[in-house]
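Shown next, in structure tokens, is the structure this report addresses.
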Amino acid sequence: MADSFAVDVTRISREALRTMATEPGAAPHLDEERAVSVLNDVIATEVVGWLRYTRDALAAAGGGPGAARAAALLTAQAEQGMRHAVAVAERITALGGRPNFDPDTLAQRAHTDYSVPADAALTATLERNLRAERIVLATYREIAGWFGDRDPDSRDLLQALASDVQRNAGALEDLLRTR
């Protein structure tokens, strides 16, 4: 499991940095087109997370001890993901861009993956989602730093999303500890 986590982080960092890279000597102003592209990747991440959490909540609802609590947590996190996606889409619109919810490209643009593990055990599902939350947290913090003073509104939005993601990771950790 640790190897796949490292590969995911490497891919995510490489893609985020590629998208956010500025040309040498570029002015410190916001490149709205690049900002919209970065934010559209955040939308993809949130929608893919919503799909994963929704599927996992439904799967958990029918399983053994603690399943109802896990299903409720996963459902709440799925709903939060859609609120995040809409908030980011609104920010893109404010920047003059067009939010991209294209289902054909969501998986390629997302910072995490949608996968159905061979081991459908609830503990494995929760661990997979915790790993995804940690990846998203690191990515959102990096993106917020990239926006910096060039776009305080986008920076603040990403910091707020990162705070939610951090709480979600904590809730998953607590649930895993009690299993």
Out of all the residues in the range 33-58, which are open to solvent by 10 Å² or more (accessible area, probe 1.4 Å), among the acidic types (Asp, Glu) and out of contact with any Lys or Arg (no Cβ under 6 Å at 6 or more places or on another chain)? 33, 46
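Conditions tested, residue by residue: (1) free of Cβ contacts under 8 Å to residues at least 60 places away in the same chain; (2) more than 18 Å from residue 158 (Cβ to Cβ); (3) open to solvent by 60 Å² or more (accessible area, probe 1.4 Å).
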residue	(1), (2), (3)
66	no, yes, no
69	no, yes, yes
84	no, no, no
87	no, no, no
97	no, no, no
106	no, yes, no
Given the structure, is residue 83 in contact with a helix residue (DSSP H, G or I) (Cβ under 6 Å, 6 or more places away or on another chain) and of a type in the set (Lys, Arg)? no
Near pairs, Cβ below 7 angstrom, 6+ apart or cross-chain, from the range 132-145 (at pLDDT 95 or above) to any residue that is assigned to a helix (DSSP H, G or I) and open to solvent by 60 Å² or more (accessible area, probe 1.4 Å): 137/166; 144/159
Members of the range 146-159 that are open to solvent by 20 Å² or more (accessible area, probe 1.4 Å), touching a residue at least 60 places away in the same chain (Cβ under 8 Å) and under 20 Å from residue 86 (Cβ atoms): 153, 157
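The values are calculated or read from the model by the stated rules, or taken from the named source; none is laboratory data. Just so it is clear, the structure is predicted and the values come from calculations on it, not from any experiment. Positions of Cβ are backbone-derived with ideal geometry, glycine not excepted, and every protein chain shown enters the neighbour counts. Ligands, DNA and RNA are excluded from the accessible area calculation, which covers all protein heavy atoms including side chains. Shrake-Rupley method; radii C 1.70, N 1.55, O 1.52, S 1.80 Å.
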